[in-house]
Amino acid sequence: MSSTLSVRSILDANKLTGPNFANWLRNLRIFLKFEKMSYVLNSPLPKAPDDDATHQEHQEYHKWIDEANVAQCIMLASMNSELQKQHEHMDAYTIPVHLQEFYDVEGRTV
């Protein structure tokens, strides 16, 4: 647990203010990789499984939703209040995509 808090302190110390987007995203990716949740940034939320899907498919979907929510909260908590208000209704995949477009980060993919 203390190692998680140490890694999280990186984001606390480097809150997103706008111009520091590339550094913020790099630190976010480090933290989410450490937490084994970086996959939530790589593609949009999957479609909800059908009612006849397997128990495992339902579990995997709910795990994705839970971890995407955690990632979203981490992102929002590591932003200034103005950016929080602008992004509070976006999901973990959409937030960095929107920020990348907004700050026109050259040649970088999220």
Quiz item: On a 0 to 90 degree scale, rounded to 10, what angle separates helix 55-77 from the longest Cα axis of the chain?
Solution: 20 degrees
Quiz item: Helix 2-13 sits at what angle to the longest principal axis of the chain, using alpha carbons and giving 0 to 90 degrees rounded to 10?
Solution: 50 degrees
Practice problem: Over the chain, consider all pairs of different Cα atoms and compute the Kirkwood hydrodynamic radius from their mean reciprocal separation; express it in Å, one decimal. | Solution: 14.7 Å
Self-check item: Lysine-lysine proximity count for the chain, Cα under 23 Å, sequence distance 8 or more or distinct chains
Solution: 7
Quiz item: Between THR17 and ILE65, what is the label-to-label distance in nm when each label sits 7 Å out along the Cα-to-Cβ direction?
Solution: 3.8 nm
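Every number here is computed from the coordinates shown, using simple stated rules; none is lab data. If you're wondering where the values come from, they're calculated on a predicted model, not measured in any experiment. We place every Cβ from the backbone using ideal geometry, glycine too, and count neighbours over all the protein chains shown.
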